[in-house]
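Step one of this worksheet: look at the structure below.
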Amino acid sequence: MFSCHRDHEVVSRIALLLLFLILFATGISVVYSYYLNKAHDESLGAAHEEMLKHYRHTLQVSVQSMTMSLGETLKAIRDQGGGEPEMESALRRIIPRVHYEDSGYYFVYNTQGVNVVHPFHPEFQGQYRLGVADPEGTHYIAQLTEKSLAGGGFSTYRFFKPGEPVPSSKLVYAQLIPGTEYWVGTGIYLDDIAQELQHISNSFKRIHRKAIITVGTGVAVILVCFVIPVSLVMINSILKPWRQMERELRHAQKMEAIGIFAGGIAHDFGNVIGAISSCTELALFDTDKTSPVYEDLLHVLKAAKRGKSLVKRIKEFSHQADASRQSVDMARMVKECMHLVRSIMPATIQVREHIKAEHVQVMADPDQILQILMNLCTNAEQAMRFVKNGVLTVELDTVELGEVEARRQALKPDLYARLAVSDTGIGMKPVVLKRIFEPFYTTRKKSGGTGLGLSMTKSIVKLYGGGIDVQSVPGKGASFTVLIPCEHHMEELDALENLQDLPGGTESILVVDDDHDLLGSLSKLLRRLGYTVESRSRSKEALTLFKENPQRFDLVFTDQLMPDMTGSEMVYEMRAVQPNLPVILCSGFDGRILQHRIPKDLASSAGFLFFRKPFDSAEICRAIRTLLERESPWPTEATHG
């Protein structure tokens, strides 16, 4: 009887223990599941906010960069006497070529609400759409126009995805193209974000289910003393990869957006600039130096070099890099700028130029110095629009600032280049003078003023350790004085090579590039220098031609990113047949991004050079001669802009 009672007691205690373990495991599972679900919801919410934040930032940066690039293009058209038809034609030619992802594109309207170009809806072109509303009644064109006029902003509305019959919610950022009445917009469909979040949520739920089974089984089998430690370890093991995945997702989205814009736009634009530069150099070969056309071609070549610098600045902006500095001859920059200023100034304005110091050198970015001059001259022209017989005066000299004067201007005692731009315009009141350098402050909103020109000018001058001052009296004009520290004992190299002195030869060169314009112009230039040139636009065709007679070619010049086969892959095939083949590899994408795509053994091999597009023809010609004439192994790598 006692034995039965004891057995019953043992069974009861075991049952209670099992019940306790079951309840404990259930409680742990419930608590564990609760906190995982909470973490799931909070993480999804945070991920959504971060993704939306980064998409907004990416859209804004993308549109700002696009408006800067288009602004330069439209400005060049206006400088050449083009009007709205020419500018709109340029926009319709450029915008359809620029896209990202499967449904990412740009579109352009003017400030009156008339569509200029829409890649997926050509029927919109020329339509007045200011009153158009989406199915929910949102007048999105009116909203975007208003945001653009206010300096740029976002709007959310429903619009049709390309190829889909049902409208989706879309987040769009729009901004004015500087100096024009056109605005550019681009956006992202919000259901794309929802799909990404759903994918993340499904992955988390699969991990969640596995974790519950693992924890429940562990609590039921292992002693109670191991339940809590094991649970804590598992919670940490689950949440740690999730947080890492979330960080990597944000970083990948940011880098992808920057890479798409900087790589795509700069690559295509670099090819165009390269073709223009090469064709211009060829034309200079056939033009007598005494011909008026020769000087015009030199100006085209200078403009192409500025275009190359623009490509570099786009990449520097994408990588948050500082503009490169070099020794700049201020007198030369003023003379070049004044040629451009005289061509755009109305006949009612007299332009005077006084250069009192011919050899003034400063360490700066030449394009930013040009930007300072153009901003000040443009500001002067706007001040004299309603003044008869206006006079614009640009002066350049040097000034030595002593301790007292330097302290008064918050500068260091030194020798400075002094650039003065004065006009006989309407002048400014004291209340305007106090705010003249504030960003977005303008008294000419009706005439298209953005309030950024003088603000950017001051920022550039301060960047170089200089100062800017303005003096003005209402009705008597204004005078801006810029001081930039001089660079001692340095001279600026001539930006334009003597084209007749380009090194040539009689060797045979194979040129491979999928850009037909650049391929044709470069091949023609090399033939003009005496080389025997074969050109191909397809890497596989070039490889077949090379294998037919490997000893025929003394050097291969190739692009890196091409259909079917990359340039480095093609070079591997060629060097398998001819190991010592000299190679020049180039690409419009940033060399730093390409480093992981170019094998290290190829980059470090003898007879190999890498150039970034748009390249300088003189540097390419010198590099070709150096490779062909080398007598010892070539250094590891050389990268040129």
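The values are calculated or read from the model by the stated rules, or taken from the named source; none is laboratory data. Because the structure is a prediction, the values reported are computed rather than measured. Reconstructed Cβ throughout: ideal geometry from the backbone, glycine too, with neighbour counts over all protein chains shown. Heavy atoms of the whole protein, side chains included, go into the accessibility calculation; ligands, DNA and RNA do not. Shrake-Rupley method; radii C 1.70, N 1.55, O 1.52, S 1.80 Å.
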* Asked: Under 8 Å by Cβ, and 6 or more places apart or on different chains, what pairs join a residue from region 403-416 that is farther than 15 Å from I484 by Cα and assigned to a loop (DSSP other than H, G, I, E, B) with one that is open to solvent by 60 Å² or more (accessible area, probe 1.4 Å) and of a type in the set (D, E)?
  -> none
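Take the conditions more than 19 Å from M87 (Cβ to Cβ), hydroxyl-bearing (S, T, Y) and touching a strand residue (DSSP E or B) at 6+ places or on another chain (Cβ under 6 Å) and apply them to Y128. Does it pass?
Details: more than 19 Å from M87 (Cβ to Cβ): no; hydroxyl-bearing (S, T, Y): yes; touching a strand residue (DSSP E or B) at 6+ places or on another chain (Cβ under 6 Å): yes.
In short, no.
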* **Failed item in (1) modelled with pLDDT of 70 or more; (2) assigned to a helix (DSSP H, G or I), with T287 passing the rest** => (2)
* Determine whether S155 is surrounded by fewer than 20 Cβ atoms within 10 Å (Cβ to Cβ), on the phi < 0 side of the Ramachandran plot and of a type in the set (S, T, Y). => no
* Asked: From the set of residues in region 331-376 that are among the charged types (D, E, K, R) and under 17 Å from V391 (Cα atoms), which is nearest to the chain's Cα centre (by Cα)?
  -> R342
* Structure fact -> Exactly one of F553, F557 is free of Cβ contacts under 8 Å to residues at least 60 places away in the same chain, aromatic (F, W, Y) and open to solvent by less than 50 Å² (accessible area, probe 1.4 Å), and that residue is F553
* **Residue check, S617 surrounded by fewer than 20 Cβ atoms within 10 Å (Cβ to Cβ) and either out of contact with any Gly (no Cβ under 6 Å at 6 or more places or on another chain) or of a type outside the set (S, T, Y) (or both)** => no
* To do: For region 403-418, enumerate the residues that are farther than 20 Å from I372 by Cβ and either modelled with pLDDT of 85 or more or open to solvent by 60 Å² or more (accessible area, probe 1.4 Å) (or both).
  => E403, V404, E405, R407, R408, P413
* Would it be correct to say that G27 is surrounded by fewer than 19 Cβ atoms within 10 Å (Cβ to Cβ), in the same structural domain as G151 (by the TED database), farther than 22 Å from G163 by Cα and not charged (D, E, K, R)? -> no
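Only residues that are among the β-branched types (V, I, T) and either open to solvent by 20 Å² or more (accessible area, probe 1.4 Å) or more than 24 Å from K302 (Cβ to Cβ) (or both): list them for region 357-396, please.
T378, V387, V391, T393
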* Could you tell me which of the residues S327, S309 is at pLDDT below 85 and in a strand (DSSP E or B)? => S327
* Structure fact -> Only unsatisfied item for P119, checking (1) free of Cβ contacts under 8 Å to residues at least 60 places away in the same chain; (2) more than 22 Å from Q64 (Cβ to Cβ), is (2)
* Asked: Within region 79-113, which residues are open to solvent by 40 Å² or more (accessible area, probe 1.4 Å) and farther than 30 Å from I193 by Cβ?
  -> D79, Q80, G81, E84, P85, E86, S89, R92, R93, Q112
* Does I369 satisfy the criteria of being under 17 Å from E72 (Cα atoms) and in the same structural domain as M428 (by the TED database)? -> yes
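Yes/no per residue for (1) part of a helix (DSSP H, G or I); (2) without any contact (Cβ under 8 Å) to a residue 24 or more places away in the chain; (3) more than 27 Å from L44 (Cβ to Cβ):
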| residue | (1), (2), (3) |
| --- | --- |
| V108 | no, no, yes |
| G137 | no, yes, yes |
| Q143 | yes, yes, yes |
| S148 | yes, no, yes |
| G163 | no, yes, yes |
| S169 | no, yes, no |
| W183 | no, no, yes |
| G187 | no, no, no |
* Structure fact -> With criteria (1) touching a helix residue (DSSP H, G or I) at 6+ places or on another chain (Cβ under 7 Å); (2) crowded, with 19+ Cβ neighbours inside 10 Å; (3) at pLDDT 85 or above, I436 comes up short on (3)
* Considering every residue within region 356-373, establish whether at least one is farther than 20 Å from T457 by Cβ and among the charged types (D, E, K, R). => yes
